[in-house]
Amino acid sequence: MSDAEQPTDDHVPGAEDDEFEPVQVFPEAESMDLRPGADNCYKCSTCDTNCPVAEVDDEFPGPKFQGPEQWRLKRQGDHDIDDSVMKCSNCMRCDSACPSEVPLSQMHNTARGEYVEENMDKFSREYIRNRILANYRRLAPLGAAFPRTANFVMGLSVTKWLGEKTLGITSERDLPEFATETFRAWWTKRGGNATSKKRAREARAKRGDAKVENPDKRIAYFHGCYSNYNTPEVAKALVRVYEHFGYEIMVPEQSCSGTPMFANGMLDDARRAAETNVRELGAAIEDGADIVASCSSCSMSLRQEYPELFDFENTKNVAENTWDAIEYLRVHEDLEGELEGTSVKGEDFAYHAPCHSRNQGLDGQTIEVVDAIDGIDAHDVGDSCSGISGTYGWKAENYETSMKIGEEMFEHMEDADAETGLTECPTCSMQMGHGTGYEIKHTLEVLEAALVGADRDADRRKRQEAG
Amino acid sequence: MAIEDDVLVIGGGLAGVTSALAAAEGGARVRLVTYKQSTLRHASGLIDVLGYTPDGEGPLVDPFDALADLPEGHPYERVGTDAVRDALSFFDDVAGAAYAGEHTDANALVPTHGGTVKPTARYPVSTASGLASDPRDTLLVGFETLPDFEAPLAAAHLEAAGAPFDARGVTVSFPGIVRDDAKVTRYAHLLDRDESVTTGAGETSAREALATTVEARLEGECRVGFPAILGDDYADEVRADLADALGADVFEVPMGPPSLPGMRLEDLLYKALEDAGVRTASGVPVIGYETESESGETARIDHVVVDRHGAEIPHRADQYVLATGGLVGKGVRSERERVFEPIFDCHVPHASDRYDWFVDDVFGEQPYARFGLAPDRELRPLDADGEPEFANLRAAGAVLGGYDFAAEKSGAGVSLATGYVAGTRAAEEVDE
């Protein structure tokens, strides 16, 4: 806290008597006061050395400028936000780099929002393209309704060519395929919450849990867009693993977590999405559930960005009760104990910890958890950024930078003794696959194979024995 | 349930990593949790033990001669000279070929970016050809876009300081760098990846372009010093290529923050943690602790609480090591009324009047520089009555008080020695 905010200098005669009037160094009080954060910056430049973009892109001035320095410049009134803020990939590594508690990503998010709002032409190709990328959630249902057609059309080289020419979406990448059945469709067909309740109760009885009726074992799953539309196998793995431990799962209504919107400065869109999520997830918490997410950027958004940027009723409550899916099991169950003695047949994994996992202190957990399973190993490919950062690497103008950032990860993946990749972030997974040609799995799928695969085998044996 | 280990180390700098490695070597299952990035990125990468006595005598030729005379309460006095030696050889094993200096007890004199010389016990191999005791003539090369290293000034300063050789400094433009404020990581990346750059002579590789630029300025010197930005992951290769092309030895001059040699040391240490099977979690703070139910004697920590963006995750261990750094690393903090240690609120001896925390002479003997925990010989922090705060907590590195690492040039050595002792003792006690 700066001296201006808490001046209690007892060496000044009569100081206690006078009501303190802070000196207004900077004009206009804002709703979000970032000054204490800016004041904390002592220019050590640690953030700059962690920025994957500044390392490869000569035009990016780095987080120290984008954050505290630009914030100060803006106090002069006649400065626009520098357009270089759009080159920030939103990896948020500067946040955990800073040894002095400067809220760098919050500063980036607000600066980017202001730039888009005030300086970006709303009819420009860049704005329209960014809006489309940021609102993937709105287009995906169309693709998912006609997945085969959509996948066919998107795979055509003419579509990609058009995408690059008209929208500036790189033609170098293959657009992610839509699943033939979304996770939510599968969930409904499976009988929704009622079925989950029943299965959880059975699992608890089988596990010998003291309480077969146990309202504490309830989670609300924030699946996000990608595991709903593109990789429902990840979402299904979560359901099966949690039910294995006797958890009843709820799947509340939900919107996009907002991550791609923050990254593109579409703060109004993000606010609308966040409002829905906070309302629905808040209600689930009322019903006794904890929130669990399988995508590390979704959990990051709910936990950190919502409270930094929004103040809906319940925002803080939702943030504090949101967990990463594996972290939750490690803390609430004896996950490693449960995994001891399980085995999975198959290949080793080259594991990449996403930046947004790293920022939540979760970078080591997959390695630890997979260690407990016999038959497979996960090899950490180091602390570099994958380079795609959500929508960033999809933009034609960023493609080259994105691949340059990813180079270190690709090399380490190829050096590792594995032919399959492993990560918790959908877009890191796209980049890993794009750079190496490997198939990429989610940690939950490995847990499913170890825990639920074993259950299934046992059931099958039992049935055979019975006759 | 809590995340459980034998030894939990809080803090990810030199002291924390050393204690984690030492505890792992002692057979313990170890976890290291660290909040923000450590101050290793601020560090020169040099491993000093003692350059000057607390009275300002020096530079010392042999730091070990001076250890016995340190005042009571100095971290070296607490752990003893043998422990300092053991810790250094432990570091030598971890660092392997990346560091030099283990052939002698005597301090090496390493030129710094200001043209002063720093007495140090170990130094990265990248600085080895640049030692000030080496009589060979030297060319220092600075870059127009990197004002932190003013080569002609540094050379003049070295000569004025009595270095036994001719030093000359030139400033050139770095091929491939266009920004005035390009990050040091950008320079390192260009050379690491040997990216292609465009110069007056056309398109060529970054290393070749740099060598060509410097060769034109060489006047028979047989060693050339650059600011410490010569690559990151492939620094040895970059240096060797430049040396080949120049026909001269190439060395790096350690720089201020942010520092590539500090980052390389960090990478080396974290690789060692991985190899030793130490589990690490970064980016999340320890915000509290619970003690075991009262047993009448000294309290024991049952578990600590790690905050993950609002979710409180208990971490339990048998033994704990606190290595959260000093005033810069924020392991010791101050308010107007008090100086304190923020996690366990361990006692930090200091004057009650904050006007006694400093003296007006900026380079004088600043009391605040010695702020930190006062430990017993086991490195357990002591309370105001001189009793251990907790039975199973030890402290290491800059969170300890009683020494002024900046004036003594003892920062890395104290972190190594206390980290080594704290980690080793913690593992022994787990066994007991």
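Farthest towards the positive end of the charge dipole of segment A:35-119, among the residues A:Pro36, A:Cys51, A:Thr110, is the Cα of A:Pro36, using unit charges on the Cβ of Lys, Arg, Asp and Glu.
Rank the residues B:Thr185, B:Thr418 as a footprinting-exposure proxy: fewest other Cβ atoms within 10 Å of their Cβ go first. Before the final figure, lay out the partial values.
Details: B:Thr185 24, B:Thr418 31.
Ordered by Cβ neighbours within 10 Å, fewest first: B:Thr185, B:Thr418.
From least to most packed, judged by other beta carbons within 10 angstrom and beginning with the fewest, A:Ile291, B:Ile177, B:Ile313, A:Ile249 follow the order B:Ile177, B:Ile313, A:Ile249, A:Ile291.
Give me a single rounded figure for A:362-368: the average over its residues of other chain Cβ atoms within 10 Å of their Cβ. Walk me through the numbers on the way to the answer.
Values: counts 5, 4, 9, 3, 0, 3, 4.
So the per-residue partner count for this stretch is 4.
In plain terms, the bigger the Kirkwood radius, the slower the diffusion; for chain A, with that radius from Cα pairs, at 25 °C and 0.890 mPa s, Stokes-Einstein puts D at 103 µm²/s. Taking a threshold of 24 Å on the Cα-Cα distance, which of the pairs A:Lys198/A:Lys236; A:Lys198/A:Lys316; A:Lys87/A:Lys441; A:Lys198/A:Lys441 fall above it? Beyond 24 Å: A:Lys198/A:Lys316; A:Lys87/A:Lys441; A:Lys198/A:Lys441. P(r) for segment A:237-360: what percent of alpha-carbon pairs falls in each 5 Å bin, starting at zero? Reading the bins upward from 0: 2, 10, 18, 21, 19, 13, 8, 5, 3, 1.
Coordinate range of the alpha-carbon atoms in segment B:110-182 per principal axis, descending: 36, 24, 17 Å.
If segment A:125-167 were replaced by its equivalent ellipsoid, with semi-axes equal to the square roots of 5 times the Cα gyration tensor eigenvalues, what would those be, largest first, whole Å?
19, 16, 5
Annotation note: GluC sites (Glu not before Pro) in segment B:280-365 located in DSSP loop regions with a Cβ neighbour count of at most 15 within 10 Å are B:Glu292, B:Glu294, B:Glu297, B:Glu335, B:Glu337, B:Glu365.
If you take all C-alpha pairs in segment B:211-369, what percent of them are over 24 Å apart? Write down the numbers at each step before the final one.
Values: 7773 of 12561 pairs.
So the pairs more than 24 Å apart make up 62 percent of the total in segment B:211-369.
A straight Cα-to-Cα reach below 17 Å connects A:Lys160 with the lysines A:Lys395, residues fewer than 8 places away in its own chain not being considered. Here the mean projected area of the convex hull built on the C-alpha positions of chain B is 22.4 nm².
Using only atoms on other chains, find how many Cβ atoms lie within 10 Å of each Cβ of peptide A:349-361 and report the average. Before the final figure, lay out each step's value.
Working: counts 0, 0, 0, 0, 0, 0, 0, 0, 1, 3, 5, 6, 14.
Counting Cβ atoms of other protein chains within 10 Å of each residue's Cβ and averaging gives 2.
Annotation: the residues A:Met261, B:Met263, sorted from fewest to most other C-beta atoms within 10 Å of their own C-beta, follow the order B:Met263, A:Met261. Using only alpha carbons, segment B:300-432 has a radius of gyration to Kirkwood radius ratio (Rg to Rh) of 0.99. The amide H of A:Glu347, built 1.01 Å from its N in the peptide plane, has no neighbour under 5 Å, considering only residues 5 or more places off or on other chains. For segment B:113-253, the equivalent ellipsoid built from the Cα gyration tensor has semi-axes of 24, 15, 15 Å, listed from largest to smallest.
Using only C-alpha atoms and all pairs of different ones, pull out the Kirkwood radius for segment A:402-467 in Å with one decimal. If you can, show how the numbers build up before the last one.
Values: mean 1/r = 0.0718 Å⁻¹.
Computed over segment A:402-467, the radius equals 13.9 Å.
Two tests apply to each whole DSSP H helix in chain B, Cα reach of 18 Å or more along its axis and mean Kyte-Doolittle hydropathy of at least -1.0, and the ones passing both are B:81-95, B:260-275, B:411-431.
Would segment A:35-119 count as rounded, prolate or oblate if I go by the C-alpha gyration tensor, calling it rounded below 1.5 in a/c and otherwise prolate when a/b exceeds b/c, oblate otherwise?
On the way: a/c = 1.74, a/b = 1.16, b/c = 1.50.
Note, shape of segment A:35-119 comes out oblate.
Once divided by 2.2 N^0.38 Å, the Cα radius of gyration of segment B:8-96 becomes 1.22. State the dimensionless ratio Rg/Rh of the protein assembly as shown (Rg: radius of gyration of Cα atoms; Rh: Kirkwood radius). We get a ratio of 0.97 for the protein assembly as shown. Counting Cβ atoms of other protein chains within 10 Å of each residue's Cβ and taking the mean over peptide B:266-277 gives 1. Note on the protein assembly as shown: antiparallel DSSP beta bridges, both residues inside, total approximately 35 percent of the bridges counted.
Here is how the number arises for chain A: DSSP H runs of 4 or more residues each give -39500 (n - 2.57), the sum is divided by the residue count, and the result at 222 nm is -13500 deg cm²/dmol.
Tell me, which longest segment in chain B has none of the trypsin sites (Lys or Arg not before Pro) that fall in DSSP loops with at most 15 further Cβ atoms within 10 Å? Let's see the in-between values first.
Details: sites that count: B:Arg136, B:Arg179, B:Arg217, B:Arg336, B:Arg338, B:Arg377.
By the stated rule (loop sites, at most 15 other Cβ atoms within 10 Å), B:1-135.
The C-alpha atoms of chain A define a longest principal axis, and helix A:453-466 lies at about 20 degrees to it. For chain B, the relative contact order works out to 26 percent when only alpha carbon pairs closer than 8 Å and six or more residues apart are counted.
Please pull out the direction-averaged projected area of segment B:170-272, using the convex hull of its alpha-carbon atoms, in nm² to one decimal place.
Details: hull surface 27.1 nm².
If I average the Cα hull's projected area over directions, I get 6.8 nm².
Positive-end ranking of A:Met430, A:Thr401, A:Tyr351 along the dipole of segment A:325-467, with charges on Cβ about the Cα centre, is headed by A:Met430.
Express the Stokes-Einstein translational diffusion coefficient of segment B:59-103 in µm² s⁻¹, to the nearest whole number, given a Kirkwood radius over alpha-carbon pairs, 10 °C and a viscosity of 1.306 mPa s. D = 135 µm²/s.
Take the alpha carbon gyration tensor of segment A:310-467, find the square roots of its eigenvalues, order them as a ≥ b ≥ c, and report rounded if a/c is under 1.5; if not, report prolate when a/b exceeds b/c, else oblate. In terms of gyration-tensor shape, oblate.
Computed from the coordinates by the stated procedures, all read-outs in this text should not be read as laboratory data. Computed from a predicted model, the values in this text were never measured in an experiment. Don't worry about glycine lacking a Cβ; one is built from the backbone with ideal geometry, like all the others, and counts go over all protein chains shown.
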